[in-house]
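The values are calculated or read from the model by the stated rules, or taken from the named source; none is laboratory data. Quantities reported herein were computed from a predicted structural model and do not represent experimental measurements. Here the Cβ positions follow ideal geometry from the backbone for every residue, glycine too, while neighbour counts run over all protein chains shown. When the accessible area is computed, the model is the full protein with side chains, heavy atoms only, and any ligands, DNA or RNA have been set aside. Shrake-Rupley method; radii C 1.70, N 1.55, O 1.52, S 1.80 Å.
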Amino acid sequence: MSRPGRDDSPDRLYTLTGGRARSGPDSPFDLVTLVVAECDPVAGMQSEHAAILRITEHPTAVVELAAELKLPVSITKILLSDLLAAGRVSARHPRKAVLDPDVLEQVLVGLRNL
């Protein structure tokens, strides 16, 4: 049974990725990797690649891209790997928050006071 609003036809997905099933062992992409376009779409570009470049004008997580494109995350990672290899996008992991223990203690006290 197909999910509403999704075209997960194996033939279509095979065509999108050129037959590849994985993005490669050295892929920097996970679900929360932020992707930013380094250029605008150009004529003749695969429509999904162009859509990724439009969506990633601002930093966008891989999982958000997959949802916006209505594609499985694995397929989105393959498309992103193509764009990264061509220098059309950059990828970075979100910064880890440096939490001050005093601030955390104040939050905990505030929650207990509720």
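Entry remark, the stretch 33-54: residues being surrounded by fewer than 17 Cβ atoms within 10 Å (Cβ to Cβ), free of Cβ contacts under 8 Å to residues at least 40 places away in the same chain and touching a strand residue (DSSP E or B) at 6+ places or on another chain (Cβ under 8 Å) number 1 in total. All of (1) open to solvent by 60 Å² or more (accessible area, probe 1.4 Å); (2) free of Cβ contacts under 8 Å to residues at least 40 places away in the same chain; (3) of a type outside the set (Val, Ile, Thr) hold for Arg88 with one exception: (2). Inspection of the stretch 100-110 finds no residue satisfying the criterion of being open to solvent by less than 40 Å² (accessible area, probe 1.4 Å), among the aliphatic types (A, V, I, L, M) and at pLDDT 90 or above.
Are any residues in the stretch 16-32 surrounded by 11 or more Cβ atoms within 10 Å (Cβ to Cβ) and either modelled with pLDDT of 95 or more or of a type outside the set (Asp, Glu) (or both), and if so, which ones?
Leu16, Thr17, Arg20, Arg22, Ser23, Gly24, Ser27, Pro28, Phe29, Leu31, Val32
Quickly run through the stretch 60-76 and pick out the residues that are open to solvent by 50 Å² or more (accessible area, probe 1.4 Å) and either in contact (Cβ under 8 Å) with a residue 40 or more places away in the chain or more than 10 Å from the chain's Cα centre (by Cα) (or both). Listed by number, the residues that qualify are Lys70, Ser74.
Of the residues in the stretch 30-84, how many are among the basic types (Lys, Arg) and under 25 Å from Arg95 (Cα atoms)? If you could, list the steps in order and put the result at the bottom.
We begin by selecting, within the stretch 30-84, every residue among the basic types (Lys, Arg); these are 54, 70, 77.
So of that shortlist, the ones also under 25 Å from Arg95 (Cα atoms) come out as 54, 77.
Matching residues across the stretch 30-84 total 2.
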